[in-house]
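Taken together, the values in this text are just the output of simple stated rules run on the coordinates, not laboratory data. It should be emphasised that the depicted structure is a prediction, and the values quoted were computed from it without experimental measurement. Counting neighbours? That spans all protein chains shown, and the Cβs are built from the backbone with ideal geometry, glycine included.
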Amino acid sequence: MKKAATISLQDLRRRIYRKAKAEPEWRFWGMYVHVCKMETLQEAYRMAKRNGGAPGIDGMTFEAIEESGLEAFLDDIRRDLVLYRYRPSGLRKKRIPKGGGKFRTLGIPTIRDRVVQGALKLILEPIFEADFQDGSYGYRPKRTPHAAVHRVTSAVVKGMTRVIDVDLASYFDTIRHHILLRKVAVRVKDNAILWLLKRILKSGGNKGVPQGGVISPLLSNIYLNEVDRMLERAKAVTRERGYFHMEYARFADDLVIVVDGYPKWGWLERGVYRRLLEELAKLDVSLNVEKTRRVDLTEGASFTFLGFRIRRYRTKRGRWGALTVPRMKARTKLLRRLKEVFRRFRSQPVTRVIERINPILRGWLNYFRIGQSSRCFRYIRNWVELKIRRHLMRARGRRGYGWKRWNRRLFYERLGLYDQWHISYYKPKARPRQLRMNFTAYPAGKPGAGKPHAVV
């Protein structure tokens, strides 16, 4: 008797996605065995190592694990999962300043727990990715913050000038476990999967998902998917001759809804806001009243989304456009970080200072290089060059900035200062004809809808 051919993890994920997309009411079972496979655990470990991050509460690092034997480490995890002995460790808490005296608490799991969460995510993600809506962009494959910003600004250009800028109060910390598990169970009929997921959730407390967990972004999207569905239905109702009078974009807990500014659509803004409150109430999620705003761009108001400030303006051709620039808060935070580097390395060679600031500049500029950010970039560039000039003059025991001594080209050609200051206008990629994810076709023969199904 021939042994059944094994299927690779990537092919398995493709098949799961194809099936989930073709049968929206399908329920999957027999998925836990794929979480426990060595191939899945190895890929989860590679993902965890690629993402890096600080050690968890046990202090274990990737280097220490590989010195003692990676194969034995993964085999021990697999044995605990197969025998249902897996117990997540506690989370290492780390407070990140948000500004205004407020902090965001990250829950950092151990590498062992990151591997388990990553393995579970690899199997669950293709199921729920098939259910997520087009307006959801947070932490999804082949989706970026730039695409979410473009979706909103394009709608503003089309005349959607009524804006509901939504801010959820402590969203990740208030997710109810029983509601989340019920949502997962709609698509997954596998008690072992639900058992493992419940253990992961409870390791962070009685409610909420830890910011810092590998699987937390996926779970947060699952939790708000019904809100996205409601917004998609509201958008479809407004369709007239292929034109929509409402649009939205959500990136994790950051949500913006824009509605046609024509007076006849005033009811739509009020109705969508009311329905949004109803859907959030079902999830026991509340709005941050201080930060949630309803603005009219025709009155010169602006709103923020994913670090950008957006408002309407007249272009040189006399048309209405969407002015998209980095928030002043984001610029101030960057300059504060750079200033701290210059202060700490005041007595060091300038080349060492540039080595430190280049990664900071690269990350910040690559994120904000869309829209009309050129004026902000010029300000930052001049600021950095002045700081470097002052550093060079101080090293020689002199005052001033050395305008006659050093040409600007010296900083970029000889010292290696990061020099990609150009603006890159966002170009949306063409959508595939069939399915968004590059998954292969599911085998022929579709069993009856609504019944549980095992992918083998």
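Summary table
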| item | result |
| --- | --- |
| Packing-based order for 11-23, 244-256, using average beta carbon neighbours within 10 Å, highest first | 244-256, 11-23 |
| Convex hull (Cα only) mean projected area of region 1-146, reported in nm² to one decimal | 12.7 nm² |
| Two-site FRET efficiency, ARG408 against VAL33, from Cβ-Cβ distance with R₀ of 51 Å, rounded to 0.05 | 0.25 |
| Convex hull of region 285-328 built on C-alpha atoms - directionally averaged projected area, nm² | 4.2 nm² |
| Potential lengthening between TYR313 and LYS198 on full extension [0.36 nm per residue; Cα-Cα distance subtracted] | 36.5 nm |
| Region 134-224: projected area of the alpha-carbon convex hull, averaged over directions, in nm² | 7.3 nm² |
| The chain - share of DSSP beta bridges that are antiparallel (%, nearest 5) | 85 percent |
| Label-to-label distance, nm, for residues given as SER374 and VAL289 (7 Å Cα→Cβ offset) | 4.5 nm |
| Estimated [θ] at 222 nm from DSSP helical runs (n ≥ 4, -39500 (n - 2.57)) normalised by residues in the chain, nearest 500 | -14500 deg cm²/dmol |
| Gain upon complete extension [TRP267, ILE360; 0.36 nm per residue less C-alpha separation] | 28.9 nm |
| Extension gain (nm, one decimal) between ILE7 and ALA147, 0.36 nm per residue minus Cα-Cα | 47.0 nm |
| Estimated Rh, region 351-421: Kirkwood, alpha-carbon pairs, angstrom | 13.0 Å |
| For the chain, convex hull of alpha carbons as volume per residue, Å³ | 206 Å³ |
| Viscosity 1.002 mPa s, temperature 20 °C, Stokes-Einstein D of region 194-308 from Kirkwood C-alpha radius, µm²/s | 131 µm²/s |
